[in-house]
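Chemist: One structure, as structure tokens, below. Some questions next.
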Amino acid sequence: MQPDSPPARRARRLPRVPPFYPVPTRARRDGWTAARQAAFLGHLAETGSVAGACEAVGMSRKSAYQLRARPGAENFAAAWDAALGAPVRKVTVDDLRFVAFEGLIRLRFFRGRYRGFSQVPDRSALLRFLARLDRATRGCDDLFGR
């Protein structure tokens, strides 16, 4: 006995893009803001094309690869690789000051389409930063007369 309806199509599965810390850049209206970086990775995961993702966010392909190659962009590069389907790799972040106040960016997808991102301050990074600061100033109590 044959079913009346055709077999169900398998949905295209998007690669899992891990939360990432944006690359610290200068504040420019036409530059790679945290929002543009998030949108770029969302469109990259959706389309699989660097040129298409760059076109969607209004940046050049060359500037995207330059952003990826910058110092401090290891986390962004890992998310880029994951968006293209590579295995997710863990990256440590050295600059806790930036991380603690800017926070992780999580991409939002709905039915296989990029819909936006959310960014909240990373409390655990803030606590690590404060602990490191406390350890560094532990011997300075004598200087301030405490």
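Chemist: Quick test for you: out of 78, 82, 131, pick the one residue that is at pLDDT 80 or above and either assigned to a strand (DSSP E or B) or closer than 14 Å to residue 38 by Cβ (or both).
Modeler: That would be 82, the only listed residue that is at pLDDT 80 or above and either assigned to a strand (DSSP E or B) or closer than 14 Å to residue 38 by Cβ (or both).
Chemist: For region 21-43, which positions are surrounded by 15 or more Cβ atoms within 10 Å (Cβ to Cβ) and not in a helix (DSSP H, G or I)?
Modeler: Passing the criteria: 21, 22, 23, 24, 25, 32, 33.
Chemist: Restricting the search to region 44-75, which residues are aliphatic (A, V, I, L, M) and surrounded by 14 or more Cβ atoms within 10 Å (Cβ to Cβ)?
Modeler: Selection gives 44, 45, 50, 53, 56, 57, 59, 64, 67, 73.
The values are calculated or read from the model by the stated rules, or taken from the named source; none is laboratory data. All values reported here derive from a predicted model rather than from experimental measurement. With ideal geometry, Cβ positions are generated from the backbone for all residues, glycine too; neighbour counts draw on all protein chains shown.
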